[in-house]
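Notes follow once the structure below has been shown.
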Protein chains: 2
Amino acid sequence: MRAPDELRALVEESLAELRLDPMLGALEEPIRYALGGGGKRIRPVLCLAVCEAAGSRAEGAALPATALELVHTFSLVHDDLPALDDDDERRGRPTVHVAFGEAVALLAGDALLAEAFALAGRSGRPEFVRELAGATLGMIGGQYLDVTGAQMQLEELHGLKTGRLFAAAVGLGLWSADVPVEHQGPWRAFGDELGVLFQAVDDALDGDGYAAELGPDGARRLAGEAAQRAHERLGGLDADTAVLAELVDGLAVRTA
Amino acid sequence: MRAPDELRALVEESLAELRLDPMLGALEEPIRYALGGGGKRIRPVLCLAVCEAAGSRAEGAALPATALELVHTFSLVHDDLPALDDDDERRGRPTVHVAFGEAVALLAGDALLAEAFALAGRSGRPEFVRELAGATLGMIGGQYLDVTGAQMQLEELHGLKTGRLFAAAVGLGLWSADVPVEHQGPWRAFGDELGVLFQAVDDALDGDGYAAELGPDGARRLAGEAAQRAHERLGGLDADTAVLAELVDGLAVRTA
């Protein structure tokens with residue numbers, strides 16, 4: 001069982017070794033720029049940790065974990081565009097459209113999504129493709145609700161915008177470890193709690209979402225409750241979940 | 001062997017029966033709008049016709065043919081955006097961003113691409129996913145070169161922007177008919193000629209690309225030469241290629 005930092009190093013290594021389609025040419029630069037920038041790699045690390053907890057070596061999940069990070073990065077690049085959130089900065093750097101122009105950012109996002117599926121296709125495992133595609137579509141559905149200002153519960157919105165990629169992280173880790181679908185339920189329930197935890201802390205840090213609705217303390221309380229439920233879910237699994245528990249605690253106390 | 005019109009009806013039926021991910025919610029409307037509008041469905045019809053010429057029933061290629069049309073439609077929706085070609089009209093109707101707004105068009109395009117891979121993943125055939133992803137990446141690479149005004153041969157640009165999806169149409173039809181990779185070469189060479197033919201006629205009709213470089217007559221001459229080579233390629237195949245020959249002639253004389 002490798003610690004989160006070791007798993008993160010494996011993710012960085014996979015991303016560094018990722019060979020993009022040569023037809024993309026110089027579009028590789030904005031794509032690499034988007035993939036860099038010091039993200040925490042929470043989703044792919046979760047994917048690898050689930051794979052190990054389920055009894056397989058993390059290397060077996062490196063490909064879908066990388067594909068998942070590509071999907072996540074695609075969503076950031078497109079969400080930052082002027083037509084959507086119109087963000088100029090991300091993690092202290094200019095966003096892709098500020099650095100490279102809007103047309104290039106649009107295409108770089110498209111390419112990241114297509115590369116994710118190219119990678120999943122290369123695995124020869126259709127369940128990777130289905131898991132990724134379903135999560136991507138749920139996330140897009142959430143972004144659409146957000147953009148159109150639909151009246152809905154924040155839980156539902158976050159469940160789509162954030163929760164679906166967390167669910168996919170768990171799902172891809174389980175498929176990688178060949179956990180049959182009938183045994184995946186309790187693991188996936190853990191992933192759902194982790195998604196809520198992540199989002200509640202995110203909102204507490206940013207002062208929006210749950211923090212706007214419940215106040216910063218309310219968002220922190222919600223996060224604490226989700227963390228507790230996540231731990232309970234782990235306790236119910238017949239597996240060594242020490243690293244997953246460490247991920248829960250890391251998410252609960254993060255400050256950036 | 002079914003005639004092109006019958007194959008087109010099969011494509012329309014598959015598109016009409018396509019169930020989008022329910023998480024997309026009301027984003028389904030702009031997606032359906034983009035998929036409608038009276039396109040000629042050249043790529044999916046080609047896919048089905050190749051499948052039949054290679055000895056299988058077209059129904060077996062309906063899924064990848066539909067996925068290919070989704071990818072094509074994704075590319076139209078994004079290319080029409082203000083950041084790229086900034087087109088207000090397509091086939092006599094307002095483009096998606098004019099009808100639904102830029103944010104929704106961006107998300108609808110993303111969703112079309114993800115739905116294409118969801119569909120390909122559902123097939124359980126990784127070669128469908130790889131064929132689609134490779135073609136999509138090549139097409140994006142071509143669009144990037146176009147946007148950045150890179151100095152290059154028109155053939156190369158068109159080979160990416162148009163050619164890759166035509167190549168995928170042939171490839172997906174061949175995979176659907178279980179034609180082994182070592183026998184695919186001559187079929188794929190036919191697809192390449194068809195891509196050139198399509199683009200040269202397109203440019204002659206629009207007065208750009210090859211028509212701008214060679215004049216309208218020059219573009220038509222190029223189209224005629226590509227049509228001839230496509231027929232020669234068909235002649236070299238040990239298969240009933242009558243319907244494919246009909247597609248070549250249809251593309252060569254089209255006026256819209």
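Of all lysines in the structure, those lying under 21 Å Cα to Cα from B:K40, and not within fewer than 8 positions of it along the same chain, are B:K161. For the residues of A:15-23, the average number of beta carbons from a partner chain within 10 Å of their own beta carbon is 3. Sequence-distant contacts, meaning Cα pairs under 8 Å at least 6 residues apart, place the relative contact order of chain A at 20 percent. With label points defined 7 Å past Cα in the direction of Cβ, position A:D86 shows copy-to-copy spacings of 1.8 nm, given to one decimal and shortest first.
Here's the picture: a label point sits 7 Å out from the Cα of A:E17 along the beta-carbon direction, and within segment A:45-78 the residues with their amide nitrogen under 14 Å of it are A:58-67.
Peptides A:208-217, B:32-41, B:199-208, A:135-144 ordered by packing proxy, namely the average of other Cβ atoms within 10 Å per residue, highest first: A:135-144, B:199-208, B:32-41, A:208-217. Among B:H183, A:H231, sorting on how many other beta-carbon atoms sit within 10 Å of each Cβ, with the fewest leading, yields B:H183, A:H231. What separates the A:A212 label point from its copies, with the point 7 Å along Cα to Cβ, is 4.4 nm, written shortest first.
Going from the fewest other Cβ atoms within 10 Å to the most, the residues A:L165, B:L84 appear in the order B:L84, A:L165.
Computed from phi, the 3J(HN,Hα) profile of segment B:93-102 under the Karplus parametrisation 6.51, -1.76, 1.60 (θ = phi - 60°) reads 10, x, 5, 4, 6, 6, 6, 10, x, 5 Hz, with x in place of Gly and Pro. Let me know the shape class of segment B:39-81, please: from the alpha-carbon gyration tensor, a ≥ b ≥ c as square roots of the eigenvalues, rounded when a/c is under 1.5, otherwise prolate if a/b is greater than b/c, or oblate. Taking the square roots of the gyration eigenvalues as a ≥ b ≥ c, segment B:39-81 is prolate. The packing ranking, built from the mean of other Cβ atoms within 10 Å per residue, places the peptides B:109-119, B:12-22 in the order B:109-119, B:12-22, highest first.
Distant-in-sequence amide contacts of A:R90, defined by a placed amide H-H separation under 5 Å and a gap of 5 or more residues or a different chain, comprise A:T95. Taking a ≥ b ≥ c as the square roots of the eigenvalues of the alpha-carbon gyration tensor, the protein assembly as shown is classed prolate because a/c is 1.5 or more and a/b outweighs b/c.
Each Lys and Arg adds +1 at its Cβ and each Asp and Glu adds -1 at its Cβ; summed about the Cα centre, the protein assembly as shown shows a dipole of about 880 debye. With a ≥ b ≥ c the root eigenvalues of the C-alpha gyration tensor of segment B:4-253, is it rounded (a/c under 1.5), prolate (a/b larger than b/c) or oblate? Cα axes put segment B:4-253 in the oblate bin.
We did not get these values from a lab; they are worked out from the coordinates using the rules stated. Everything numeric here is computed off the predicted structure, so don't read it as measured data. Glycine also receives a Cβ, built like all others from the backbone with ideal geometry; neighbour counts cover every protein chain displayed.
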